[in-house]
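The values are calculated or read from the model by the stated rules, or taken from the named source; none is laboratory data. Please read all numbers here as calculations on a predicted model, not as lab measurements. We place every Cβ from the backbone using ideal geometry, glycine too, and count neighbours over all the protein chains shown.
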Amino acid sequence: MLTERTDWTKQMTKPQAIVFDMDGVLIDSEELHAHAKRIAFEHAGIALSDADLRAYIGRSDAVMIDEIGARHGLADGRKSAVLNEKKQFYEQEEQGIKIVPGAIEFVRWAAQHYRLALATSATPRNRIATLNRLGIADLFEAVADLGDISEPKPSPEIYLTVTSRLALRPSQCLVVEDALTGVLSAKGAGCCVSALTRTFAARELLDAGADFIFEDFASLKRFAEIEK
């Protein structure tokens, strides 16, 4: 573990469940998402900057395309076309997405000691396709994706939804996130949040509210073994 929020350990209860984000935590998909967005926006005459892409990591495609499209004066029909093109490109290339090192092994280990759930900003189609490809769909007792909510991350709705499906209080759940919006969402729901430094720096994640920071799943497992 890299660091922890000192005020949390005093009030932390033993986790009853671990709730995983998907993109950036289980699969290394951010690069493909970014590439697909660049292509779709370029066809609409808009060049995305690195700052544009970074600002929307962990947020839904629909929100990003609606907000950036509005800034550039795109009509609703054109924004829908951008969204559809992005989805099509992503789905064509998704088999090349790499699994985050140690992710599957950690999920299988955790399933022997904790109840597991998934809270992802992915579409239902992408969530199902990814979990089936990884061979771990049956390990999650509860799932929530973009189709289950009206307000995506950083709203706490998705974590409130999935913890409700577990019939647990948010404070009884340890969340594994990698994005600032995900940390904000989970903390807003009242969960304990562990963040992997795969996408953002430790300081950024702590500033967003993360309680524990880990470099990889090996260090997260050492922590989870102590808590189980």
Completion exercise
Scanning the stretch 36-56 for residues that are surrounded by fewer than 18 Cβ atoms within 10 Å (Cβ to Cβ) and touching a residue at least 40 places away in the same chain (Cβ under 8 Å) gives Ile39, His43
Exercise for the section: Assess whether Pro124 counts as being free of Cβ contacts under 8 Å to residues at least 40 places away in the same chain, in contact with a Gly (Cβ under 7 Å, 6 or more places away or on another chain) and farther than 26 Å from Ser219 by Cβ. Expected result: yes
Exercise for the section: Filter the stretch 208-222 for residues that are surrounded by 15 or more Cβ atoms within 10 Å (Cβ to Cβ) and either of a type in the set (D, E, K, R) or outside any loop (DSSP other than H, G, I, E, B) (or both) and give the result. Expected result: Ala208, Asp211, Phe212, Ile213, Phe214, Asp216, Phe217, Ser219, Leu220, Lys221
Fill in the blank from the handout: In the stretch 182-211, anything touching a strand residue (DSSP E or B) at 6+ places or on another chain (Cβ under 7 Å) and either small (Gly, Ala, Ser) or at pLDDT below 95 (or both) is listed as Ala186, Ser194, Ala195, Ala202, Gly209, Ala210
Practice task
For Val175, state whether it is in contact with a Cys (Cβ under 9 Å, 6 or more places away or on another chain) and closer than 23 Å to His113 by Cα.
Solution key: yes
Practice task
Taking Ala110 as the residue in question, decide whether it is surrounded by 19 or more Cβ atoms within 10 Å (Cβ to Cβ), more than 22 Å from Leu180 (Cα to Cα) and either in contact with a strand residue (DSSP E or B) (Cβ under 9 Å, 6 or more places away or on another chain) or among the aliphatic types (A, V, I, L, M) (or both).
Solution key: yes
Fill in the blank from the handout: Exactly one of Leu205, Leu184, Leu168 is more than 19 Å from Arg108 (Cα to Cα), surrounded by 17 or more Cβ atoms within 10 Å (Cβ to Cβ), under 12 Å from the mean Cα position of the chain (by Cα) and not polar (S, T, N, Q), and that one is Leu184
Exercise for the section: Go through the stretch 32-80 residue by residue and tally those that are aliphatic (A, V, I, L, M), more than 23 Å from the chain's Cα centre (by Cα) and in a helix (DSSP H, G or I). Expected result: 1
Handout entry: Selection status of Ala144, hydrophobic (A, V, I, L, M, F, W, C) and either in contact (Cβ under 8 Å) with a residue 24 or more places away in the chain or buried (at least 19 other Cβ atoms within 10 Å of the Cβ) (or both)
Key = yes
